[in-house]
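> Following this message is one structure expressed as structure tokens.
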Amino acid sequence: MNLTLQPPPKHELAPYKALENQELQTRIEAARNVLGDQLLILGHHYQQDEVIEHADLRGDSYQLSQLAADNSTCRYIVFCGVHFMAETADILANRPEKIAERNGQRVTVILPDLSAGCSMADMAAIQQVEDAWEELGEVIDTEDITPVTYINSAASLKAFCGKHGGVVCTSSNAPAVLEWAFKQKRRVLFFPDQHLGRNTSLKMGITNAEMPVWDPYADERGGNSIETLEASRVILWKGHCSVHQMFRPEHVANFREQIPDIQILVHPEVPQEVNDLADISGSTGKIIDVVKKAPAGTKWAIGTELHLVNRLKKEHPEQEIHFLSPVLCMCATMYRIDLAHLCWSLENLVDGQPVNVIEVDAETSRWSQIALKRMLEIK
Ligand code: 13P
Ligand code: SF4
């Protein structure tokens, strides 16, 4: 939710789109020099090479949340990532204790292109979630459920989890968070990525029969019988990532047939049929780490966003790296952050007119902080 009424930008965007990359790069660096350590540019691993080169710090969603939560010097965070990441940075960087440390000053968080959303996050609208909670309450005791949301969700859903004794997770800490959730209550309602919820829970010994899927568009009870819901341990929201959904078991089979000593490395947003066949599954941070530490000559087929896989190929010529799918799976919304938008947002900032400011309203922020702080405390 962005409640700040923003004045018109000093510089219009259109002329930036006509500039050559080299000029944009030079001007981005000049703006960074002017802003110095007041500015922190954060970049997610799925960003294009030419953009992420300008990031002060890169990371997966968990690492980026920690960086936003811990920073004490910056006044502006420019987030090269997607909307939920910028919202999370705003919530964490502007916790009351951090604002007090800065003598009352807020950190301004900027998303260079406001249309950089996440289609998975959009699959769990807060009204659908509230309705589901109420409907579930007619069948099972909601006091018995810990709501857990993947960080890929709107701030309003994080706030819902905060209010109902729940928590946020990322792809790197989902097992630990689910363990925590089960210590609180008997059941979990997991949003919005059914695949991350299922892949993680299966590894904890929960069976598919105990994991019904809640379809927010179904006529009643999310498409489930009363008995199914009563027998549930984890109720999975019917959401998915359109990028990771494209990886198929036959892609794994093809690579195993062609290159017998290949290792399959995937992100846990892939469907269960693919995750089950993989050698290793983990966050973008883990994928990078695993490849970095592997000996020369290791062969990989990697199932995650294209820009990251291509970067790994470039950075590790000593290893043989393949993209797991024959079709190109790229995150179109991450790709919306380009040099033109980055330069435009930085030059407006230099001229004292921040554009595309992401500011979560105080009430939503307060409840989201509870769910996010729980996550950061779980080790
Ligand atoms: P990571 O937290 O693993 O970087 O994942 C973020 C994401 O959006 C994956 O699709
Ligand atoms: Fe969202 Fe999928 Fe893009 Fe990640 S890759 S930001 S989950 S759409």
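> In the stretch 314-328, which residue that is more than 16 Å from ligand 1 (Cβ to nearest atom) and aliphatic (A, V, I, L, M) is surrounded by the most Cβ atoms within 10 Å (Cβ to Cβ)? Spell out how you get there, then give the answer.
Restricting attention to the stretch 314-328, the residues satisfying the condition of being more than 16 Å from ligand 1 (Cβ to nearest atom) are 314-322, 326-327.
Now restrict to residues that are aliphatic (A, V, I, L, M): 321, 327.
On the way: Ile321: 21, Val327: 10.
Of everything passing the filter in the stretch 314-328, Ile321 is surrounded by the most Cβ atoms within 10 Å (Cβ to Cβ).
Yes/no per residue for (1) among the charged types (D, E, K, R); (2) touching a Gly at 6+ places or on another chain (Cβ under 6 Å); (3) over 26 Å from Leu306 (Cα atoms):
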site	(1), (2), (3)
Thr26	no, no, yes
Gly43	no, no, no
Val51	no, no, no
Cys74	no, no, yes
Glu87	yes, no, no
Glu97	yes, no, yes
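> Sticking with this one: Name the residues in the stretch 194-227 that are assigned to a helix (DSSP H, G or I), under 24 Å from the mean Cα position of the chain (by Cα) and buried (at least 20 other Cβ atoms within 10 Å of the Cβ), would you? Talk me through it step by step, then tell me what you get.
Initial filter on the stretch 194-227 (assigned to a helix (DSSP H, G or I)): 194-203, 208-210, 221-223, 226-227.
From what is left, the residues that are under 24 Å from the mean Cα position of the chain (by Cα) are 194-203.
If the condition is that a residue be assigned to a helix (DSSP H, G or I), under 24 Å from the mean Cα position of the chain (by Cα) and buried (at least 20 other Cβ atoms within 10 Å of the Cβ), then Gln194, His195, Leu196, Gly197, Arg198, Asn199, Thr200, Ser201 are the ones that fit.
> Starting from residues that are hydrophobic (A, V, I, L, M, F, W, C) and within 16 Å of ligand 1 (Cβ to nearest atom), keep the ones in the stretch 191-235 and report whichever is nearest to Gly165 (Cα to Cα).
Residues of the stretch 191-235 hydrophobic (A, V, I, L, M, F, W, C): 191, 196, 202, 204, 206, 209, 211, 213-214, 218, 226, 229, 231, 234-235.
Subset that is within 16 Å of ligand 1 (Cβ to nearest atom): 191, 196.
Working: Phe191: 15, Leu196: 21 Å.
Restricting to residues being hydrophobic (A, V, I, L, M, F, W, C) and within 16 Å of ligand 1 (Cβ to nearest atom), the top hit is Phe191.
> As an exercise: evaluate Ala340 against (1) in a helix (DSSP H, G or I); (2) within 16 Å of ligand 2 (Cβ to nearest atom) and give the number of the one condition it does not meet.
(2)
> If you check every pair at least six apart or on different chains, which have Cβ atoms under 7 Å apart with a residue in the stretch 301-312 that is farther than 17 Å from Val274 by Cα first and a residue that is among the acidic types (Asp, Glu) and surrounded by fewer than 22 Cβ atoms within 10 Å (Cβ to Cβ) second?
Arg311/Asp49
> Here's another thing I want to ask about it. Taking the conditions exactly as written (surrounded by fewer than 24 Cβ atoms within 10 Å (Cβ to Cβ) and touching a Cys at 6+ places or on another chain (Cβ under 6 Å)), does Arg27 satisfy them or not?
Numbers: surrounded by fewer than 24 Cβ atoms within 10 Å (Cβ to Cβ): yes; touching a Cys at 6+ places or on another chain (Cβ under 6 Å): yes.
Against the criterion (surrounded by fewer than 24 Cβ atoms within 10 Å (Cβ to Cβ) and touching a Cys at 6+ places or on another chain (Cβ under 6 Å)), Arg27 qualifies.
> Go through the stretch 11-46 and give me each residue that's away from ligand 2 (no atom under 16 Å from the Cβ), in contact (Cβ under 8 Å) with a residue 12 or more places away in the chain and within 30 Å of Leu376 (Cα to Cα).
Result: Arg32, Leu35, Asp37, Gln38, Leu39, Leu40, Ile41.
> Grab the helices (runs of 4 or more DSSP H) fully contained in the stretch 39-109, keeping just those with 2 or more residues being within 12 Å of ligand 1 (Cβ to nearest atom) and either modelled with pLDDT under 95 or under 15 Å from the mean Cα position of the chain (by Cα) (or both).
Details: elements: 49-52, 61-70, 83-93, 96-101.
Qualifying helices (runs of 4 or more DSSP H): 61-70, 83-93.
> Let me ask something else. Give me the pairs: first residue in the stretch 128-153 and within 16 Å of ligand 1 (Cβ to nearest atom), second residue of a type in the set (Ser, Thr, Tyr), beta-carbon distance under 8 Å, and six or more apart or on different chains, which are they?
Partner pairs satisfying both residue conditions: Tyr150/Thr170; Tyr150/Ser171; Ile151/Ser61; Ile151/Tyr62; Ile151/Ser65; Ile151/Thr88; Ile151/Thr170; Asn152/Ser61.
> I've got another one for you. Identify, please: which residue in the stretch 242-274 is assigned to a helix (DSSP H, G or I) and within 15 Å of ligand 2 (Cβ to nearest atom) and is, among those, farthest from Ser172 (Cα to Cα)?
Step by step, filter the stretch 242-274, then rank; the result is Met246.
> Does Pro216 meet the test of being more than 16 Å from ligand 2 (Cβ to nearest atom) and either of a type in the set (A, V, I, L, M) or in contact (Cβ under 8 Å) with a residue 60 or more places away in the chain (or both)? Let's see the steps before the verdict.
Values: more than 16 Å from ligand 2 (Cβ to nearest atom): yes; either of a type in the set (A, V, I, L, M) or in contact (Cβ under 8 Å) with a residue 60 or more places away in the chain (or both): yes.
Yes: the conditions hold for Pro216.
> Of the residues that make up the stretch 312-332, is at least one at pLDDT 95 or above, part of a helix (DSSP H, G or I) and aliphatic (A, V, I, L, M)?
Yes - at least one qualifying residue is present in the stretch 312-332.
> Further question on the same structure: Evaluate the following for Ser65: is it within 16 Å of ligand 2 (Cβ to nearest atom), of a type in the set (Ser, Thr, Tyr) and in contact with a strand residue (DSSP E or B) (Cβ under 8 Å, 6 or more places away or on another chain)?
Details: within 16 Å of ligand 2 (Cβ to nearest atom): yes; of a type in the set (Ser, Thr, Tyr): yes; in contact with a strand residue (DSSP E or B) (Cβ under 8 Å, 6 or more places away or on another chain): no.
Here the answer is no, as Ser65 does not meet what is asked.
> Could we say that Glu101 is in contact (Cβ under 8 Å) with a residue 24 or more places away in the chain and surrounded by fewer than 17 Cβ atoms within 10 Å (Cβ to Cβ) here? Show your work before the answer.
On the way: in contact (Cβ under 8 Å) with a residue 24 or more places away in the chain: yes; surrounded by fewer than 17 Cβ atoms within 10 Å (Cβ to Cβ): yes.
Judged against the criteria, Glu101 is a match.
> Could you run through the stretch 68-83 and say how many residues are closer than 19 Å to Cys169 by Cβ, away from ligand 2 (no atom under 15 Å from the Cβ) and buried (at least 19 other Cβ atoms within 10 Å of the Cβ)?
1
> Let me ask you something else. Would a scan of the stretch 313-321 turn up a residue that is on the phi < 0 side of the Ramachandran plot, touching a residue at least 24 places away in the same chain (Cβ under 8 Å) and within 23 Å of the chain's Cα centre (by Cα)?
Within the stretch 313-321, none of the residues are on the phi < 0 side of the Ramachandran plot, touching a residue at least 24 places away in the same chain (Cβ under 8 Å) and within 23 Å of the chain's Cα centre (by Cα).
> For the condition crowded, with 17+ Cβ neighbours inside 10 Å, acidic (Asp, Glu), more than 16 Å from ligand 2 (Cβ to nearest atom) and in contact (Cβ under 8 Å) with a residue 60 or more places away in the chain, what is the one hit in Asp60, Asp49, Asp90?
Working: Asp60 fails: more than 16 Å from ligand 2 (Cβ to nearest atom); Asp49 fails: crowded, with 17+ Cβ neighbours inside 10 Å.
Going through Asp60, Asp49, Asp90 in turn, just one is crowded, with 17+ Cβ neighbours inside 10 Å, acidic (Asp, Glu), more than 16 Å from ligand 2 (Cβ to nearest atom) and in contact (Cβ under 8 Å) with a residue 60 or more places away in the chain: Asp90.
> Just to be sure, is Arg311 of a type in the set (Lys, Arg) and either touching a helix residue (DSSP H, G or I) at 6+ places or on another chain (Cβ under 7 Å) or buried (at least 20 other Cβ atoms within 10 Å of the Cβ) (or both)? Lay out the reasoning, then the answer.
Working: of a type in the set (Lys, Arg): yes; either touching a helix residue (DSSP H, G or I) at 6+ places or on another chain (Cβ under 7 Å) or buried (at least 20 other Cβ atoms within 10 Å of the Cβ) (or both): yes.
For Arg311, the condition - of a type in the set (Lys, Arg) and either touching a helix residue (DSSP H, G or I) at 6+ places or on another chain (Cβ under 7 Å) or buried (at least 20 other Cβ atoms within 10 Å of the Cβ) (or both) - is met.
The values are calculated or read from the model by the stated rules, or taken from the named source; none is laboratory data. Bear in mind that the values here come from a model prediction, so they are computed numbers and not experimental data. Don't worry about glycine lacking a Cβ; one is built from the backbone with ideal geometry, like all the others, and counts go over all protein chains shown.
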